[in-house]
Amino acid sequence: MWNIPNLLTMLRIVLIPVFVVVFYLDAPWAPYVAAAVFGAAALTDWLDGYLARLWEQTSPLGAFLDPVADKLMVAVALVLLVQYDPRTLLALPAMVIIGREITVSALREWMAEIGARAKVAVSMTGKIKTTAQMISIVLMILHDTVFGPWVYGLGVVLLYVAAVLTLWSMVLYLRAAWPSLSGQVDIEGRG
């Protein structure tokens, strides 16, 4: 249970309040540190899974905590960014991303309950979506820095790319689960 991949996942959860505090600090260095904290958390999301597979240290705790930590960090960051820039421009993709995460998490839980979780396993589209989402959030956190306003604009564009990929991956997951959801396939998988 206390292996490095699980500790990295727990670190990501611990970094959430640190990120929130730094995000709200009124200091010229705060956006850089907030972006670094979020970026470090995003890297641990990739690293903990990689190390767990490499070292064969996958565990039920890690399988549970990893998606929870990822979704919490992203949801908190999106809420803070929308609060910072409360326009429909940001609220819409944030709503889509957070709504999709709730929907897909519920879908995966239900599919696991009926023994069909593999049908809604993470896809390549989901991984690309996560990458675009993480990069977009880091760029948007750097809103008022020496990098200039184009960084924030690029972050918004990438957030929309992530939102489109979010919807697409949700459609793929729902389509894969539809036979079970619609009752076309019973619990044991017979059509």
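The values are calculated or read from the model by the stated rules, or taken from the named source; none is laboratory data. From a predicted model like this one, the values you see are computed outputs, not experimental measurements. Cβ: placed from backbone, ideal geometry, glycine included. Neighbour counts: every protein chain shown. In case anyone asks, the SASA skips ligands and DNA or RNA and just uses the protein heavy atoms, side chains included. Shrake-Rupley method; radii C 1.70, N 1.55, O 1.52, S 1.80 Å.
Figures for the structure shown
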quantity: Subset of the range 126-137 that is open to solvent by 30 Å² or more (accessible area, probe 1.4 Å) and more than 10 Å from the chain's Cα centre (by Cα) - its residue that is modelled with the highest pLDDT; calculated: Ile135
quantity: Matching entry among Met1, Met95 (being in contact (Cβ under 8 Å) with a residue 24 or more places away in the chain and open to solvent by 40 Å² or more (accessible area, probe 1.4 Å)); calculated: Met1
quantity: Test: Ala75 is in the same structural domain as Val14 (by the TED database) and open to solvent by 40 Å² or more (accessible area, probe 1.4 Å); calculated: no
quantity: Residue in the range 140-149 that is of a type in the set (Phe, Trp, Tyr) and either part of a loop (DSSP other than H, G, I, E, B) or crowded, with 19+ Cβ neighbours inside 10 Å (or both) present; calculated: yes
quantity: Any hit, the range 53-69, residues being modelled with pLDDT of 90 or more and of a type in the set (Val, Ile, Thr); calculated: no
quantity: Out of Leu81, Leu158, sole residue that is aliphatic (A, V, I, L, M), at pLDDT 95 or above, in contact with a Ser or Thr (Cβ under 8 Å, 6 or more places away or on another chain) and crowded, with 19+ Cβ neighbours inside 10 Å; calculated: Leu158
